[in-house]
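Asks: Before we start, here is the structure in question, set down as C-alpha cells.
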Ligand SMILES: [Zn+2]
C-alpha cells in the first residue's frame, strides 16, 4: 500500500502509508524532546515548525541517499523500479542482483557517500552562516547535518543487506568469486551484529530502564530478519538464474471440459488420477479451475445434474503466468497471492502448470553441489 509522489529521471518515488505515522512521530519527538533540550526557552511554535521542517529534511535526505544507489545502479545497467519510503527509511527496489562485485560495491557505497557529502555541506554551511543566522536556520542546518551523518553511519553497519553489509559481501565475493558463499558469510556477520544490538538493547533496558534499549532491540530484530530474507533471495535467484517458467513447468496437463457432470468428474478424474484440481478448458482455451474442495461443496443429490462449468472457479479469479516469465517471478507471484501453483497461459491457451514443489525441487537440484 503506497502512494506515488513523483518521478526523478524515470525512477518512481512512493510513500508507504506507514510512513505518515512515523513522520508525525518523528516530528512530534523532535518538537518535544530533541529541540527543547538543544534550544531551551523557545516558543512551542518554534519547536513545532522546526520539528516538522527537520522531519521533512530527514526524509529528503533519505530520498537523496536512495537516489544515489539508484543512479549508480542505472548507470551500470541494473533495472530500478522505484524507491519506496516506509517506516525504517527508504528502499530502492532493485530488480536483480548485481552482476559483479565491483558493481555491487559501487552501488552500495553511493548512498552512504552521498549522505556524508550532504552532511558535510550542511555542517560547513552552518559553521559559516549559523552564528549570524536566526536560530530557526541554525537548528535546521545542524539537524540536517547530523541526520545525514547518522544515515551514512547507520547504513555502513556491516550487516547484510544494509549498505555496509553489501560492501562486505562484495569484498568476499571479489575474493572467492562465489556470490552465494559470500552472501552466507555476510549473513553470518549480520547475525552476530544483530545479536550484539539486541544484547546491548536488553542490557540498556534493564540496567538503566531507558527505553532507548528498545530501539536497539528493534534494530537488531530488523537486521536479523532482513539478512535472512536477503540470503534466501540470493540463493533463489542464483539457483533459478535465467530459467523461465517454460523450462520448469509440467506440460500435458490433465484437464476437464465444462459440460462434464460432477459425478463423472469424481468417477473418471478424481478417483483415477491423484491431482487436487483440474483446469477447465474448451479446446485448450482456459475457462477456470475445479478443485476437490469445490466438488465437496456440491450436495450428493445434485452431483449428476451439476456440471463442472457451474461449480468451477472462473478464469478471472485465477492467478496465471506466461511461459516466458522468469522462474523466480513465478515463485514471487505464488507467495504474493498465497497459492501453491500457477497455470501457465499464453494467449488464453493453457499450456502447462507450475507448482511451488517444481520450483523448490529445481532450487535444491541446483544448489546441492554448492559449497556451504
Ligand atoms: Zn543505502
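The values are calculated or read from the model by the stated rules, or taken from the named source; none is laboratory data. For clarity, every value in this text was computed on a predicted model and none was experimentally measured. As a convention, Cβ positions derive from the backbone with ideal geometry for all residues, glycine included, and neighbour counts pool all protein chains shown.
Asks: Please list, ordered by first then second residue, the pairs with beta carbon atoms under 9 Å, 6 or more apart or interchain, first in region 141-159 and within 22 Å of residue 230 (Cβ to Cβ) and without any contact (Cβ under 8 Å) to a residue 12 or more places away in the chain, second more than 14 Å from the ligand (Cβ to nearest atom) and in a helix (DSSP H, G or I).
Replies: Taking only residues 6 or more apart or on different chains, the pairs are 154/219.
Asks: Shifting gears a bit: Just for region 202-243: of the residues that are within 22 Å of the chain's Cα centre (by Cα) and outside any helix (DSSP H, G or I), which one is surrounded by the fewest Cβ atoms within 10 Å (Cβ to Cβ)?
Replies: Across region 202-243, the extreme among qualifying residues is 242.
Asks: Could you go through region 261-279 and let me know if any residue there is surrounded by 15 or more Cβ atoms within 10 Å (Cβ to Cβ), assigned to a loop (DSSP other than H, G, I, E, B) and in contact with a strand residue (DSSP E or B) (Cβ under 8 Å, 6 or more places away or on another chain).
Replies: No, region 261-279 contains no residue that is surrounded by 15 or more Cβ atoms within 10 Å (Cβ to Cβ), assigned to a loop (DSSP other than H, G, I, E, B) and in contact with a strand residue (DSSP E or B) (Cβ under 8 Å, 6 or more places away or on another chain).
Asks: Continuing with the same structure: Residues in region 13-66 that are within 16 Å of the ligand (Cβ to nearest atom) and surrounded by 15 or more Cβ atoms within 10 Å (Cβ to Cβ): how many? Before you say what the answer is, go through the steps one by one.
Replies: In the first step, residues of region 13-66 are kept if they are within 16 Å of the ligand (Cβ to nearest atom); the result is 13, 58-66.
From what is left, the residues that are surrounded by 15 or more Cβ atoms within 10 Å (Cβ to Cβ) are 13, 58-59, 61-66.
The number of residues fulfilling the criteria is 9.
Asks: Sticking with this one: So which residues in region 123-151 are within 13 Å of the ligand (Cβ to nearest atom) and either closer than 25 Å to residue 234 by Cβ or at pLDDT below 90 (or both), if there are any at all?
Replies: Scanning region 123-151 gives a single hit, 151.
Asks: Being in contact (Cβ under 8 Å) with a residue 24 or more places away in the chain and either part of a helix (DSSP H, G or I) or within 16 Å of the ligand (Cβ to nearest atom) (or both) narrows it down to one of 175, 184, so name that one. Quick ask: steps written out before the conclusion?
Replies: Details: 175 fails: in contact (Cβ under 8 Å) with a residue 24 or more places away in the chain.
On inspection, the qualifying residue turns out to be 184.
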